[in-house]
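A.B. asks: Take a look at this one; I'll ask things after.
The values are calculated or read from the model by the stated rules, or taken from the named source; none is laboratory data. Just so it is clear, the model here is predicted, and its values are computed rather than measured. A quick note on method: Cβ atoms are made from the backbone with ideal geometry, for glycine too, and the neighbour counts reach across all protein chains shown. These accessible areas exclude ligands, DNA and RNA; they are computed on the full protein's heavy atoms, side chains included. Shrake-Rupley method; radii C 1.70, N 1.55, O 1.52, S 1.80 Å.
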Amino acid sequence: NATDVDIDGPSVANQNHITSSINNVVAYSGTPTTQRYLEVVQSKYLSGSAIKYRCQKNYVVVMSDGEANGPAFNLSTNNFFYSGAPTYSNGISYPTWRNDQNGGPGLEYLSSQVYNQDLKQGGTDQDTPSGSWDDPLFNSGKQNISTFTIGFGLTNAYLTRGAQGEGKALSAYSASQL
């Protein structure tokens, strides 16, 4: 099962919201981690409005209890990263990893792309009409995403390679470690 949780900074309410969301996840067949990562990045960051301020740091936390597997990508509905996708200003492309649903380089490729690419170019942020997204005083003028990965009861190369930017690959073997 996959869920996404929006939070706007550290607070007890956000911690409780995250804990509640994790407690409500129901396991069922398959771990479509690569596809779910793509969907979250696409809906929240590329097509959505999660990046609001030029000083803002952006993170995705991937939590998994197994090796990545699951349904193949549906190119007709959600593929920002493939070569035939609409043209976006950040230049992210889609290589041949698309059909590798059992780990492979999928998460590593996606997370490295959204860390190394500037996801907001030109224009200004929500608070400061004169505050350019490209101002080098804020995040070196680059809006990107760092990815953390957490393996429940496992450590594997897929999750380790998927951690990018300021993110880290972590493991938890009990609820208290999480």
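A.B. asks: In terms of solvent-accessible area of protein heavy atoms at a 1.4 angstrom probe, what is the ranking of ARG161, ARG54, highest value first?
C.D. replies: Ranking ARG161, ARG54 by accessible area, largest first, yields ARG161, ARG54.
A.B. asks: Would you kindly state how much longer the chain becomes between LEU137 and TYR173 on full extension, computed as 0.36 nm times their sequence separation minus their alpha carbon distance, in nm to one decimal?
C.D. replies: Full extension of this stretch gives 9.0 nm more.
A.B. asks: Highest mean first, how do 149-158, 118-127 rank when packing is the count of other Cβ atoms within 10 Å averaged over residues?
C.D. replies: The peptides rank, most packed first, as 149-158, 118-127.
A.B. asks: So what J values fall out for the range 123-132 if you push phi through Karplus, 6.51 cos²θ - 1.76 cosθ + 1.60 with θ = phi - 60°, rounded to Hz, Gly and Pro as x?
C.D. replies: x, 10, 7, 5, 8, 10, x, 9, x, 5
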